[in-house]
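These notes are about the structure you will find just below.
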Amino acid sequence: MAAHLKKRVYEEFSKVVQVPHEEAPAKKLRLSKPSKSAALHVDLCKASSSTDALQYLLTFSRKPVEAESVEGVVRILLEHYYKETDNSVRLKIASLLGLLSKTPGFTPDCIVDDAINTLGSEKSHQVLAQLLDTLLVIGSQLPESPAVRLRLIEVAYKNLSDSSFGVRTKCLQLLGCLGLLEAPLGKDSDGPGPSLAVRDVQSIISDYFGDQDPRVRTAALKAMLHLHERGMKIHQIIYDQACRLLSDDYEQVRSAAVQMVWVLSQLYPESIVPIPSSNEEIRLVDDAFGKISHMVSDGSWMVRVQAAKTLGSMLQVSPHFLEQTLDKKLMSDLRRKRTAHERAKELFASGEFSSGRKWADDAPKEKLDTNTVNLIASGACGAFVHGLEDEMFEVRIAAVEALCQLARASPSFAEKCLDFLVDMFNDEIEEVRLQSIHVLRQISTHITLREDQLDTVLAVLEDSSRDIREALHELLCFTNVSTKECIQLALLELLKNLNKYPTDRNSVWKCLKFLGSRHPTLVLPLVPELLSTHPYFDTPEPDMDDPAYIAVLVLVFNAATSCPTMPALFSDHTFRHYAYLRDSLSHLVPPLRLPGRKQVYGLDSVDCGSGSSSVESAQLFLQQSLNRVSTIQNLEAAGAPELLDLTIRDLQRLGELQTELAGAADFCATFLRCQLLLLKALQEKLWNISVPLILKQNVTATAAAQQILDESYKLEFLYSGLENRQLATIHHVRLQAKALQLILRARTRPGLDSLISSCEKFLQDIESFQRLFLTELPHLQDSFVEKLLELLPRLSSCKPVEVVKILQTTLRQSGLLQLRLPEQIHRATATIIEPTGESDNPLRFTSGLVVALDIDATLEHIQDPQNSVKVQVLYPDGQSHVIHPKPADFRKPGPDRHRLITQVYLSHTAWTEPSQIEVRLLLAYSSSCSSRLGWTDAMDGLPPAEGAVEGTIPFSKPVKVFIMPKPARR
Amino acid sequence: MPEINVTPLGAGQDVGRSCILVSIGGKNIMLDCGMHMGYNDDRRFPDFSYITQNGRLTDFLDCVIISHFHLDHCGALPYMSEMVGYDGPIYMTHPTKAICPILLEDFRKITVDKKGETNFFTSQMIKDCMKKVVPLNLHQTVQVDDELEIKAYYAGHVLGAAMVHIKVGSESVVYTGDYNMTPDRHLGAAWIDKCRPDILISESTYATTIRDSKRCRERDFLKKVHESIERGGKVLIPVFALGRAQELCILLETFWERMNLKAPIYFSTGLTEKANHYYKLFITWTNQKIRKTFVQRNMFEFKHIKAFDRSYADNPGPMVVFATPGMLHAGQSLQIFKKWAGNEKNMVIMPGYCVQGTIGHKILNGQRKLEMEGRATLDVKLQVEYMSFSAHADAKGIMQLIRMAEPRNMLLVHGEAVKMEFLKGKIEQEFSIDCYMPANGETATITTNPSVPVDISLSLLKREMALGGSLPDPKKPRTMHGTLIMKENSLKLVSSEQALKELGLNEHQLRFTCRVQLQDPHSDPDTLHRIYTHLKSVLKGYTIQHLPDGTVMVESIVIKVSSSAEDSNAKVLLLSWSYQDEDLGSFLSTLLKKGLPSGLC
C-alpha cells in the first residue's frame, strides 16, 4: 500500500513539474498519451498467438514513447507479461521495460516493485537475465535513491546462485554497477535484510572468480573493475585470486585479469608479497609487472595488446625489473636473480646460447651447469623483446608506446631501449616505423646517440615515404649526439637526402638549424672543412643558390650564435652570404654578433629580450589599452574614433612584436575595428538629412555594415580558445551590424513588404540571441541588446517603421561593450610553403587538359582541418575554383599544427601568354559549422562580399603561380 | 593402463628423414615420411621394414600425416606409398599438397636424370601418390575413422606448414613438424590452443640457441647488402628454392621500394616460378601484413626482382642475385660464385645452415683458397657473411609452445642428441613433466591416465540435488549412493532400484535386531510411553510414533518392550532397523543402553 501511495505522489509530482515548463507542446502530448498505450493494449489483446504479440511488440519498440505515457505503457506490458506463456514474448517485454525506463524525463522508481515482483515467478533463465538487465537500467537511472539500490542488490544476491550463466553474469553486473561503496549508515531504511546487502560486495563478487563458466568469471572481474572505477578501494586479498586468473583458459578472462592485476598494482604498489617456492619477498608492483610481462607472450593477441599497453603505465616498477624486459638472453629466473645476479651475468657472457649471428657458434661446448639457467622467461624477462617482434602490428605498436611511457619516466631505461626502438625503424608496417620514430623523439631528451646508433637512424633518411623522413628530421632536431663525427655523418646523410628528395629542403634546413644550435662545440672543429676554407689559398666562392650549401651555412651560423670564436674562421664571402641569408631566410639564420659589423637593432633586440617578463608587460599593456577603450561611454561620445584608431594601431604593433600575444591582440584589434566602423557609420551626415534626399549617399554606411558582418564572422571562426562570453560579444556586434543594415534599408527602399520581412527576421535574430546567451545576458548590461530586450514586447507589436526608429535611437545610445579576454586566443594561420611563387618559369600544359600543382602548407590552430580547410584557385579572368582536399592529405606533426600536402588540378582554355593565378587557403564555416552552439544561422540575407566565397574566410596569403595553357597542337 | 608408443624411424636424435610412428588407442599413425639429404643409399629413406617385413603397409597404418613440403619431411612419400605399398589416406594442408609434387619431381629429376639412379620412383608414382592425399584446413577437425580425429594448427616455418593434433578418445598427441615461434616477413608465428595433449612431439633443431631479435638480423642483412651495392659490388645469396628465399625476396623487395634503390635483383629460375605462383595464391597462410595489403598489391608480385639469366652475371654494375642451391655445392650458385669470388667489392651472404664438405661450409670457416676440380685453385677475395634466417623455433620458442599447449609429456625429435639432452634437462626442470628423446628405432612408451566417462541417470542426480540443499561445489567432491553398471563398453551410474529393475534381481532387505536390557519399575506400556517421551525430547526433527500395537516407531526403526520373566523390573527392549538406517539405529541402541532419565513421568 505504501508503495502504491508513493507511486501516486510521484505521479502527481511529475505533473506539477512539467505543466508550467512546456506549455505549447503539452497539448500534443495529452492527445497522444491515451492513444499510445491504448493502441498497444488493443494490439496485445488482439494478438492471437505469441508470434503475433511479438510482432506487435517489435513494431512498438521502434517508436519513441513520451515521458508521460511511459507509465501507462509499462502497466499494460506488465499485465500482459503475467498472462504470457511464451518465453520470447516475455523476454521482449522485459527488454522493453528497460528501454522505456531510459526515456528521458521518466523516473522509473515507480516500476521497480513490479519489475522485482516479476522476477519471483519467472522460470526461464533467459527472461530472468533480461529482467535483471532491466533492473540494471532502472538502477542506473536512479543514482540518487539508496533504497532502490539496496533492494536491487538484494535481488542480485538472491539470484547469484542461479544455474544459468546469463543470470549470474547479469547479477554480477548489477553488483558492479550498484554495489554500495560504503556500508549504509541507517539499517532501518527499508526491506527485510539490509544485513545481507551490507555484506562485503567485494568478497561476494570475488567468490565468482572461480565460477565454472568463463563468462561469469569475466563478469565478476569486470564488476570488480567497475567497483574500482566508481571509487571503491579494492582489497589486497583479491590480488592473489586475480593472479591465478591470469592463467585461465579463456582469453577474455585473462584480459580482464590483466586489468585487475594492474589496478591492484596501482593501489598497493609498495606492499610486499612473498614469492612462492622461496622465502624472498618483493614489492607488489614488481610482482605484478613480472606477471603482466609474462602475458606479453600469451597465446591470444588481444591479451598481448592489453598486457603491452598496461605495462606502459606501471611507472613505479623498480629499475632492475624494468631492464629485464629488454633482456632476452638472460634466462635466469627473476626471483633468484637478485642473489645470483653476478653469476647469471657471467653465464650470459660465456655464451651458452648461440645468437645465430655467427657461423657455428652454437657448436656444443663443455657442459655447463644447467641448473643455474632457466630457459623460460619467468617474470619480466624479455617482455618487450617479444612484444616488439610480435606477429600482430597492434601488439608491436602497443609495445612501442609502452616503451615510450616507461622511458620517459626513467632515463636509464631510455638509454637501454634505444637499440630496440632503432630496430623498429625497420618494421614492415609504416605505421609502426613512424610511431617508433615519434617515440624516439619524445624520449630523446634523455639520450645521447652513439655513432653506430646514429648510423642506423640515419639510414632511414633514404626512406621513400615523406612522413617517415619528416618524422626523422623532427627527431634529429631534438637529438643529442656525442662526437663531431656524428655531426659530420648527420650532415652528410642529410645532404644526401636533400639530393635525393629536393622537396625536403625546408625540413632539412630546419633540422640542421637545431642540430647546429644544439652542438656548437662539435661543429666548431668542422667549420674549415665545411666551408672548405684554406689557410693560405682562397677557395672559389660556392654557389649561393645551392640548397646543400645553404644547408651547411644554416648549420654553421646556428652553431656560431653560442660560439663567438667561430666567425673568425669565416671567409669574406661567408659574411656576405650571411647577410643575404639573414635577410632571405630569417627564420633559419639567427642574428650573429659579428666583429666590426654594425648590428641592425630592430626586431632582433626584441627577439633577444623576449623573456617571460616582457610577455607580462605586454599583457599588461594589452589590458590597459582595453581599459582605456572601455571608458568610452557611448558611441556618440566625442573623441571616441580617435581613441579607437590609436588603440587599434597599438594593438596591431603589439601583435607583431609579441608572438605569444599575437592572437589576443589581433582579436581585440579586429573587434575594435568593428566598433570603429559602426561608430563612423553612425556619425555620418546622412542621418540628419531627410529620407528622400539621401538615396545615393549611404554607400559608405552600407559598406561599413557589410564589413562589420564579415569581420564578426572572422572573429567567431578564425580564433580558437574563445569562451561563451566572447562569442556573445561577437554575436552582439553582428546584431548591431544587422540593425544598421535594417535601418539603412528602411531609409533607402521605401517598399513596405520587404521591410516587414526584414523586421521579422531581425526580431527572430534577437530571440535566438537571447536563447543562446541566456547565461551571458547579465554581462551585457547597458548594451544594445539589453535595451532591445527591454523593448522587445513593444517591438514585436508595432509597425516596421516604428521598429526602425526605435532601433536607430538604441543603436546610437548604446554603449561600447567591454571586451574581456580569455586565457589563450590563437588565430588560425596558414602558410603556403609550396608553391613559393618565386618561379619565373610558367607551368606549361595543353589547354583543356589538367595539370597538377603540388601544394604544401602548414596550418596552425585549426580544430578540424579535414572539413574546414579548402584551397581556392583564382584565375586571371575572375573565375575561381574551390577544391576540397582529401582527409588523408592532412598530417598532424604536432599539437595545434597541421600540414596539408595535396595536389590541385588546374585547367583552362588556351592563353596567348603566361599569366599568374592565385592560390590561397580558405577556412570554411558553413551554416552547420556556425552552429557550434547548436544554433543554425541562416545566412541567406547576406550577399557575399566580393572576392570571398560564401561562408569562407581567406586565411593565408595568396601565392601567385605562373601558368601557361597552350593551345592543343593539331 | 593404456599406453601411447612413439617410435621414430627417422629424425630420432638426428636431423633429416623425419618419420615417426605413433600408436595411440589402438591406432597407428605415421607422422611425416621424409628422406635424408646426407645419404645416397638405402639409408636415404626410413626403414619401413620395421613396420612389416613383407607386404603392404595399408593393414598396419591408419593414416599418414605430412606436416610440410620440405623433402626431409615428405621425400620418401612416393616410395612408401607406391613402391612399398600404402593405400590409406595421406593428410596434408592445401599449400603442401600443391607444392609437394613440384619438389618431389625436382628431387626425382636430380637423382634419376642427373645421377642416373634406377629403381627410383617415377613421375607417375608421384601422381598416383598425390591422389591418395586428403587436404586439410587449419583448425578443421577431420575424422579419419570413428575414433581417430586430427586437427591442423598453423606452424609458421614455410608456407602451409602445420602442427597436428591427433586424438583418440581422451588420449591425444600433438606433432609439431618444423615450426617457428617468431613471425617473419612472409609468415606468421606458430600458434596452438591449450589442448593439453598427452605427448607433445616437438622438433628441436635449435635446442641450444636463443636467437637474437630478428630485427637485428634483418637490419644487418639489409645494411650489408645496401653498403655493398653502394660500393658498386655484386651480392650473391645462395638459397634453397623455397621457404627462406621468399622471405629474403620480400625483405629486399620492400627495402628497395622504401629506399628507392635502382640496382637490379635477380632470382635464378627453375621451380621457383611455379612455387611463387602458389605463394601468390595461398595468401591466407601468410602473415598479417601480406594478408592485409594483397588487395592493393600482392607482395609476391615482385617489382624489383627479375628472372636471372646466365649472361647477367658478367654485367657491370651492382646487382643482387639469389641462386640455388643454398650450400654452394653445385649448380648456378657455384658458377656465379666462381665468377665473383675474385673481387673484394663483392659479397656472398649465406642465409642458412651448410653441411660439412660443401664450399659454403668451407668459406664460412674462413678458408680463403679453394681447390676446384682439375687442380685449379680459387682465391676467395669477396666478403663472406653468415646470417641465420632459419625458420625453426629456438629454445625459447620451444618453451613457449610447451607453455601454450601444456602437454603432460614431452618428446623431442629432429635435433642433435647433445643439444636435445640439454633441452630435456631444462624442460624437466622448468615444467616438471617427463621428457623423452628416443633414437631411431627406439620406442618411447608413455602410460596415460585417461579419464573414464560414466553416464549418470538424471533421476539419480535430481534425487541427490533434492537431498543436499546447496548446489554442488566444483571444488569439493561429494559422495552419493548409486550402482555402477558396466555393460557393453559403457559405464552407467544409476539408482539401486533402477539397477535391480534392469538386472531383473529381487531386492533383499537386511535388518538388524538388538536387545537392550533396561531397569525400569513401570509396567510395559508405561515403559514404552516413557521411552516415547524420552526419545521425543532427544530426537527433535524425527517422526516418532507411538503405535497402538505396543510399539514405538522412530522413522522406520521399531522398538518393542517386553519384561523378562524372572525380574519384572528388568525390561528387555527390542530394536529392529534396516540396513539403510544403520546410523540412526546404532545411535538409538547406545542411547537406550544408557537407560532412561529418572525425571520422566
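Before moving on, here are some points about what is shown:
- Environment charge at residue B:515 (Cβ cut-off 12 Å; Lys +1, Arg +1, Asp -1, Glu -1): +3
- Residues of the range B:495-527 falling in the label zone of residue B:536, defined by backbone nitrogen less than 17 Å from a point 7 Å along Cα to beta-carbon, are B:525-527.
- Globularity ratio of the range A:738-838, using Cα Rg and 2.2 N^0.38 Å: 1.49
- Applying 1/(1 + (r/R0)^6) with R0 = 25 Å to the Cβ-Cβ distance of residue B:355 and residue B:335 gives a FRET efficiency near 0.80.
- Taking amide H as placed 1.01 Å from N in the peptide plane, residue A:853 has its amide H under 5 Å from the amide H of A:904, A:905, A:906, each at least 5 places away in sequence or on another chain.
- Projected label points at residue B:283 and residue A:215, each 7 Å from Cα along the beta carbon direction, are separated by 3.5 nanometres.
- Computed over the range B:511-594, relative contact order equals 38 percent, with contacts defined as Cα pairs under 8 Å that lie 6+ residues apart.
- Taken over the range B:511-594, the ratio of Cα radius of gyration to 2.2 N^0.38 Å equals 1.01.
- Think of the protein assembly as shown as a dipole: +1 on every Lys or Arg Cβ, -1 on every Asp or Glu Cβ, centred on the Cα centre; then among A:557, A:478, B:528, A:557 lies furthest on the positive end.
- Average beta carbon contacts from partner chains per residue of B:202-214, 10 Å cutoff: 5
- Convex hull volume of the Cα atoms of the range B:214-386, normalised per residue: 119 Å³.
- When the Cα atoms of the range B:408-463 are aligned to their principal axes, the ranges along those axes come out at 60, 28, 14 Å in descending order.
- Span from the the range A:811-883 Cα centroid across to the the range A:414-447 one, whole angstrom: 35
- A compact globular protein would have a Cα radius of gyration near 2.2 N^0.38 Å; the ratio found for the range B:432-527 is 2.06.
- Under 12 Å, Cβ to Cβ, from residue A:828 - net charge with Lys/Arg +1 and Asp/Glu -1: -2
- Relative to its residue count, chain B spans a Cα convex hull of 231 Å³ per residue.
- Over all orientations, the protein assembly as shown has a Cα convex hull whose mean projected area works out to 90.1 square nanometres.
- Relative contact order computed over chain B (Cα-Cα under 8 Å; 6+ residues apart), in percent: 14
- For the range B:395-417 versus the range B:188-253, the gap between their alpha-carbon centres in whole angstrom: 20
- C-alpha center-to-center spacing [the range B:56-78, the range A:527-592] in angstrom: 75
- Counting charges near residue B:380 (Lys, Arg +1; Asp, Glu -1) among other residues having Cβ under 14 Å from its Cβ returns a value of +3.
- Rounded to 5, percent antiparallel among DSSP beta bridges of chain B: 60
- Put in line by how crowded their Cβ is, counting other Cβ atoms within 10 Å and starting with the fewest, B:216, B:100, A:668, A:798 read A:798, B:216, A:668, B:100.
- Over the residues of chain B, the helix contribution to mean residue ellipticity at 222 nm works out to -8500 deg cm²/dmol, using -39500 (n - 2.57) for each DSSP H run of at least 4.
- Under the Karplus curve 6.51 cos²θ - 1.76 cosθ + 1.60, θ = phi - 60°, whole-Hz ³J(HN,Hα) for the range B:430-437, x wherever Gly or Pro sits: 7, 9, 6, 10, 6, 10, 10, 8
- 3J(HN,Hα) from dihedral phi, the range B:162-177, Karplus parametrisation 6.51/-1.76/1.60, rounded to Hz, x for glycine, proline: 9, 9, 10, 9, 10, 9, 10, x, 9, 8, 8, 9, 10, 10, 8, x
- The value of relative contact order for the range B:214-386, using C-alpha pairs under 8 Å at least six residues apart, is 30 percent.
- Interchain or long-range residues, amide H under 5 Å from residue A:921's placed H: A:872, A:955, A:956
Each value in this text was obtained by applying a stated rule to the coordinates, not by laboratory testing. What you see is a predicted model; the values in this text were computed from it and never measured. For neighbour counting, all protein chains shown are included, and Cβ atoms are generated from backbone atoms with ideal geometry for every residue, glycine included.
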